[in-house]
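J.: I have a structure I would like to understand better, so I am pasting it below and will then ask my questions one at a time.
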Amino acid sequence: MLDAEFFRRWMSAMAAAVDREADRLTELDSAIGDADHGSNLQRGFAAVAATLEKEPPGTPGAVLALAGRQLISTVGGASGPLYGTLLRRTGKALGDEGEVTPEQLAEALRAGVDAVAQLGGAKAGDKTMLDALIPAAGALAESLSFGAARAAADEGALATVPLQARKGRASYLGERSIGHQDPGATSSALLIGALADTAGTAGAADTGDAGEAGA
């Protein structure tokens with residue numbers, strides 16, 4: 001079972017991952033975006049971690065809802081609303097239960113991903129964060145393995161390199177967007193990777209993951 005502390009540690013792990021990878025995310029964004037993806041997310045998830053430390057919510061859903069609201073209020077551009085929607089909708093789907101199962105998280109994450117798709121009007125193959133999130137959510141639902149979800153997200157992010165962007169700032173570049181990895185898909189893979197790391201730290205027995213939580 002996954003409790004509120006697990007979800008707080010997930011958000012803290014994401015903040016640390018973004019802090020490590022901020023320069024890389026900005027470099028990717030400089031090729032096809034506004035060159036601010038890394039710094040924006042770094043600021044946003046640092047604020048999330050600080051807020052959760054100061055006022056820790058008592059349920060998994062409340063943790064993600066608060067994280068989402070914080071991102072919307074602190075992250076500029078499209079990233080704030082998109083990541084905020086992902087976490088808030090996932091949190092809403094989890095409801096008010098004090099603990100949730102991996103199955104419930106998988107179902108809630110799919111709802112969050114669907115909300116992102118609706119907000120941005122994007123789909124798989126459009127060279128957006130969805131190219132990492134959709135396969136990750138599918139892998140988690142199918143296998144209940146956080147390691148498999150991370151592998152799917154990483155593969156999805158890498159697969160954006162040959163794609164032409166059809167949504168967002170990068171779409172203005174047309175064919176010039178081909179050959180660059182999408183920064184949003186890359187940061188989304190970091191989010192799923194942070195989830196897998198958190199599950200691995202908790203231990204497979206605690207999370208229900210079949211021995212692959214930290215894979």
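J.: Ignoring everything except DSSP H segments at least 4 long, calculate the 222 nm mean residue ellipticity for the chain; use -39,500 (n - 2.57) per segment, divide by total residues, nearest 500.
T.: So the helix-based figure for the chain works out to -23000 deg cm²/dmol.
J.: Where the accessible area of the chain is counted over protein heavy atoms with a 1.4 Å probe, how much of it, in %, is carbon and sulfur?
T.: 50 percent
J.: May I ask for the angle, rounded to the nearest 10°, between helix 183-202 and the longest principal axis of the chain, with both axes built from Cα atoms and the value confined to 0 to 90°?
T.: Taking Cα atoms only, the helix is inclined about 20 degrees.
J.: Note the angle between two axes, namely the Cα long axis of helix 102-120 and the longest principal axis of the Cα atoms of the chain, as a number of degrees from 0 to 90, rounded to the nearest 10.
T.: Between the helix axis and the principal axis of the chain, the angle is about 30 degrees.
J.: Also: Go through 119-131, 140-152, 44-56 and give me the packing order, highest mean Cβ count within 10 Å leading.
T.: Ranked from most to least packed, the peptides come out as 140-152, 119-131, 44-56.
J.: How big, in percent, is the set of alpha carbon pairs in region 75-191 lying more than 20 Å apart?
T.: Looking at region 75-191, the distances longer than 20 Å represent 39 percent of pairs.
J.: Return the aspartates and glutamates within reach of K54: Cα separation strictly under 19 angstrom, same-chain partners fewer than 8 residues apart disregarded; answer none if there are no such residues.
T.: D3, E5
J.: I need the P(r) histogram for the chain: all alpha carbon pairs, bin width 5 Å from 0 out to the longest distance, whole percents.
T.: 1, 9, 16, 22, 22, 16, 9, 4, 1, 0
J.: Residue by residue through region 151-156, what is 3J(HN,Hα) from phi via Karplus (6.51 cos²θ - 1.76 cosθ + 1.60, θ = phi - 60°)? Round to whole Hz and write x for glycine and proline.
T.: Per residue, the Karplus-derived 3J(HN,Hα) values read 4, 5, 5, 4, 5, x Hz.
J.: In nm, to one decimal, how far is the modelled label at E155 from the one at A124, with both set 7 Å along Cα→Cβ?
T.: The two pseudo-label positions are separated by 1.1 nm.
J.: How much net charge surrounds L173 when only other residues with a Cβ under 15 Å from its Cβ are counted (Lys, Arg +1; Asp, Glu -1)?
T.: 0
J.: Still on this structure, please answer the following. What ranking do 80-92, 16-28, 104-116 get when scored by the average of other Cβ atoms within 10 Å per residue, highest first?
T.: Most protected by this proxy first, the peptides run 80-92, 104-116, 16-28.
J.: Per residue, how much accessible area does the chain have with a 1.4 Å probe, in Å²?
T.: Accessible surface, normalised per residue, equals 42 Å².
J.: With everything on Cα atoms, drop me the angle between helix 79-94 and the longest principal axis of the chain, reported from 0 to 90° to the nearest 10.
T.: Its long axis makes an angle of about 30 degrees.
The values are calculated or read from the model by the stated rules, or taken from the named source; none is laboratory data. Small disclaimer: the values here were computed from a predicted structure and weren't measured. Here Cβ is always computed from backbone atoms with ideal geometry, including for glycine, and neighbour counts include all displayed protein chains. Note: accessible area is taken over every heavy atom of the protein model, side chains too, but ligands, DNA and RNA are not part of it. Shrake-Rupley method; radii C 1.70, N 1.55, O 1.52, S 1.80 Å.
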